[in-house]
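Each remark here refers to the structure printed beneath this line.
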Amino acid sequence: MNRDSNQKLRESQPILIVEDSADDFEATKRAFVKANLRNAIAHVLSGEEALAYLRSDTKTKPGLILLDLNMPGLDGRKTLEIIKQAPNLKKIPVVILTTSDDERDVKACYELGANTFIQKPVDFDGLISAIKRLKEYWFEIALLPKENGHD
Amino acid sequence: MRRPQPSIRDILLLITGALTLIIVLLAAKEMYGNWQRLSDIRSLKSASALSDQLFDATEKLSVERDIALSILNAPDEATAADLRPRLMESRHDSDEALRAAMTALDGYDFPELSGLRGRIRAGLSSVRALRSEVDAAIRQPANAHRREVAARWSKEVTALIVETQNLWIGFVRHFTEIDPVVTEHLWYKHFLRTITDYSGRERSLIGQLIVENADPTPEQIAQLLRGQGVTEESWQMAQVLAEQSGLYATIAPYYTDARSHYSTMHDMIQDMFYVPGARHEETYPISVDLWFELSMQASDSLSTLRDASIKQTQKYAQNLIDETERQIAVQAAVFLLALLLCAYSFRVIVRRVIRPINTMVDALVKATRGESVEFALPANRGDEIGKLAEVLRAFQQNLEDIKKTAAELDRSENHLRAVVDHTLDGLITIDATGAIKSFNLACERIFGYAAAEVVGQNVKVLMPEPYHGEHDGYLSRYLQTGEAHIIGTPGREVSARRKDGSIFPIDLSISSFVSDDGRHFSGIIRDITARKEAELALATYTHALERSNKELDDFAYIASHDLKEPLRGIHNHSRFLLEDNTDKLDQESVGRLNRLVFLSQRMERLVNDLLYFSRLGRQELAIQAADLNIVIADIESTLEHFLGERSARIVTAEKLPVVTCDKPRVTELFRNLITNAVKYNDKAEPTVEIGYLPSKSGPDGSVRKKVFFVRDNGLGIQPEFHQEIFRIFKRLQASKEPEEGTGVGLTFVKKIVERHGGEIWLESEPGKGTTFYFTLEASRHEPGFEPKAA
């Protein structure tokens, strides 16, 4: 699989956003546009919905999950733990997107298998920058072949 | 220590004393012996004379006997009548001689003498009684009765003569013991007397033969020859004895003379009377007168010899006496001298040995009785006494030291007792059975028992269960195996029981010790009821504080998440409004929406600062060694642009030390101070000076050690704001730029300093500059990295 085909596969996969706040979802969606990230977006409002989506045979498996930590019901941590323990789901990269910059939260998320961690800034420009960095990493840097050519 | 040398003087003194004592005793004995002898020797002088008197007496007696016998046996009355005056005369002579001898004998007294004397007296009275019978018989004509009286007379007188001779022999025997030489003299005279005796018999026999003009009968010749033999023998013996006794040299002429007289006489009569039938003529060619004349001449020469001998004997005796007296004198002198020496030795010994020893003994006896003693001891003596005195003086010193020590010990013991009694901690000692031996005042107060109530009781009475039931087991196990329950563990918390039965916590330390009467245990007891209550209160407060911290933590979390979410909504919606409706909004609305965006951003910063501030107070410091020179260099490099824009520079006055601290926090501290110093500065070239002072007076005037400072040449701060500026969100100047800080920098600085256990204060002169001083007490300066003068 070469770099271009890989990139195309990534672009074809939807991004699942698990976010209970409509305001934050709108901000994220707008930031995606500003960052020129054109993947299809699937939006669920809770951990339960997210798991239901991921376990559904009819839905396309997402290429990336953006997961809010602080949600009523099954919160982000618990949802992350379940995803990372499910053999068919654990390979999907999960980005934690949260207001908290508490070190304990950050550390806990990485321990549970989160791939990266984005703090939601109050400043919208900050969010755009964060999404741009995510896009760069995820669709460009992370796809670079290793020097010896293996993937 | 030098061994004491006995002085030679003292040894000599002792020997002299002993010798003189021996000499005194010997001299005294000798002197006494000589004194005793002296009277005997004195008697020797007269002994010779007495001896002769005794001879005299026997001779006179024999003359009287012979004359009386001649008369009694006279053939006729005429002859008898001729002889009668002679008889009277001889009777008188013998009486005189006997009386003189007996009188002389009275001067002597020795055991044998009295018996002999008594027999002589008896013999003498018998002889005197016979004399009257003889007189009566003479007056009668010759008859049987006369012959019978003559025979009895002869027998009695002869017996008296024999007794007298015996007396003489006893006398001589006595003197032999006194002086053998004198005895030789006496025996020598005895032989002279024997010569006289036999001469007398010869004289009377021959005289009778001449008178009777008769031939000697064979018996008479035999008698004469025997007499001649004895006489000759006596002459020889006398000479031998005289020579032996040393007498002969002085009497030799007299001896020779006397002997030649006797020889001449004998030569004349030898042929006439010693040979039977020698008378060839009618009458003897010698008259009786001539015969007596010759005989008396011989007798006279013998008397002369005898007198000379007596003189010599007396002279000898006198010499003996003189010598003995001289000996006695010498002995007396020796005795006196020795006595004096002895007395002197004794006195010296008393003065030099006995008296010092007595003094020392007296002093020791007094000292032993505990009296205070001044030892008057002999000084500067190298001998044993001197050594003894030294030792005693040292002993006295020791005694005083001991008294002093004892007094100090007494005081110390009283002091200790007072300390034990008044110490706040209870002190109990028990023996190996658990019986209480001592119980101090603090124990009385702690337990409510009087010492007298519990001393002797088992220590269990002070213990509640389970200790009460198990204590015997602890004790026996410890004594058998050494396995300790509490012993040796300092400050073990256990519970105890008061007299009123109440249980209370104590801090108990037990140690074990062995004294003269076996193993003991001592326990130090502290009533920790109050401490336990305080500990409980402290635990409660700590718990409350922990809960409060947790709540603060939760608050910070809530603030970070829940407050920021709506804020973010406000911000985003404002942004989206601006973006989506640019053409519909008027200028004023755009301005207000922009203001909304700005304020929401500012509020986010405030919330973040608040959150950070709360974390500064909560999070553990990551302590590590940090070289402050590197820290400052890093800051300088980070702020390069900021400093360059303002033409500011950082001056590190001297080499800064390495400190152990939370390096990122301390970096933040310096960065904040440096930023402030440059920011609030109206000078063309803002200058920040960073330094270190080993000591510096603090805001209250007292000295602080290891002080850091950050000095600027900026605006300065009015004194009324010196405390104010550390308050959170406090700003002294209105913000000119929208990017200005929130006013938390100095608040963070103060918090970081306080988290390091330090203190921060400032000195400032408005218009000239400000100096912030701070300490990092929790930090420790690494050895070898002390700052050096630049």
Residue check, residue B:142 against (1) at pLDDT below 80; (2) assigned to a helix (DSSP H, G or I), all met but one. Which one?
(2)
Verdict on residue B:276 being in contact with an Asp or Glu (Cβ under 8 Å, 6 or more places away or on another chain), open to solvent by 70 Å² or more (accessible area, probe 1.4 Å) and either assigned to a helix (DSSP H, G or I) or not basic (Lys, Arg) (or both)
yes
Residues within segment B:661-686 that are open to solvent by less than 50 Å² (accessible area, probe 1.4 Å) and either touching an Asp or Glu at 6+ places or on another chain (Cβ under 7 Å) or in a helix (DSSP H, G or I) (or both), tallied
15
Given (1) farther than 30 Å from residue B:609 by Cβ; (2) acidic (Asp, Glu); (3) in contact with a Ser or Thr (Cβ under 9 Å, 6 or more places away or on another chain), index of the condition residue A:105 fails
(1)
What number of residues within segment B:466-524 satisfy the criterion of being in contact (Cβ under 8 Å) with a residue 60 or more places away in the chain, farther than 15 Å from residue B:427 by Cα and open to solvent by 50 Å² or more (accessible area, probe 1.4 Å)?
2
How many of the residues in segment B:536-551 are open to solvent by 80 Å² or more (accessible area, probe 1.4 Å) and away from every other protein chain (no Cβ under 14 Å)?
9
Does any residue of segment B:150-168 turn out to be under 18 Å from residue B:48 (Cα atoms) and not polar (S, T, N, Q)?
yes
Filtering segment B:593-614 down to residues that are open to solvent by less than 40 Å² (accessible area, probe 1.4 Å) and either more than 15 Å from residue B:555 (Cβ to Cβ) or within 11 Å of chain A (Cβ to nearest Cβ) (or both) yields B:593, B:597, B:600, B:604, B:607, B:611
Filtered residues of segment B:239-259 (kept if open to solvent by 30 Å² or more (accessible area, probe 1.4 Å) and without any contact (Cβ under 8 Å) to a residue 12 or more places away in the chain):
B:240, B:243, B:248, B:249, B:253, B:256
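To keep it simple, each residue is scored yes or no on (1) open to solvent by less than 40 Å² (accessible area, probe 1.4 Å); (2) more than 15 Å from residue B:61 (Cα to Cα).
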site	(1), (2)
B:120	yes, no
B:137	yes, yes
B:149	yes, yes
B:154	yes, no
B:158	no, no
B:165	no, no
B:213	no, yes
Only one of B:28, B:81 is assigned to a helix (DSSP H, G or I) and modelled with pLDDT of 80 or more, namely B:28
Cβ contacts < 7 Å: first residue touching a residue at least 24 places away in the same chain (Cβ under 8 Å), restricted to segment B:125-144; second residue open to solvent by less than 50 Å² (accessible area, probe 1.4 Å) and of a type in the set (Lys, Arg), any location; separation 6+ or different chain. Result?
B:131/B:91; B:137/B:146
Starting from segment B:552-571, keep only residues that are more than 10 Å from every other protein chain (Cβ to nearest Cβ), then list their pairs with residues that are among the β-branched types (Val, Ile, Thr) whose Cβ atoms are within a distance under 9 Å, requiring at least 6 positions of separation or different chains.
B:559/B:607
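Filter segment B:285-341 down to the residues that are under 30 Å from residue B:262 (Cβ atoms) and among the aromatic types (Phe, Trp, Tyr), then identify the one that is surrounded by the fewest Cβ atoms within 10 Å (Cβ to Cβ). Show your work before the answer.
Looking only at segment B:285-341, we keep the residues that are under 30 Å from residue B:262 (Cβ atoms), and these are B:285-317.
Adding the requirement that they be among the aromatic types (Phe, Trp, Tyr) leaves B:291-292, B:316.
On the way: B:291: 22, B:292: 16, B:316: 21.
Looking at residues that are under 30 Å from residue B:262 (Cβ atoms) and among the aromatic types (Phe, Trp, Tyr), I get B:292.
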Residues to consider are B:636, B:640, B:645; find the one that is more than 14 Å from chain A (Cβ to nearest Cβ) and touching a strand residue (DSSP E or B) at 6+ places or on another chain (Cβ under 6 Å).
B:636
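Given the criterion under 24 Å from residue B:633 (Cα atoms), modelled with pLDDT of 80 or more and in contact with a helix residue (DSSP H, G or I) (Cβ under 8 Å, 6 or more places away or on another chain), identify the matching residue among B:687, B:675, B:771.
Only one candidate qualifies: B:675.
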When you scan segment A:77-123, how many residues do you find that are in a helix (DSSP H, G or I), surrounded by 20 or more Cβ atoms within 10 Å (Cβ to Cβ) and within 12 Å of another protein chain (Cβ to nearest Cβ)?
1
Of all residues in segment B:64-84, which are open to solvent by 80 Å² or more (accessible area, probe 1.4 Å) and not polar (S, T, N, Q)?
B:75, B:77, B:82, B:84
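The values are calculated or read from the model by the stated rules, or taken from the named source; none is laboratory data. Only a predicted model underlies this, so the values are computations on that prediction, with no experimental measurement involved. Positions of Cβ are generated from backbone atoms using ideal geometry, with glycine treated the same way; all protein chains shown enter the neighbour counts. The accessibility values were calculated without ligands, DNA or RNA, using every heavy atom of the protein model including side chains. Shrake-Rupley method; radii C 1.70, N 1.55, O 1.52, S 1.80 Å.
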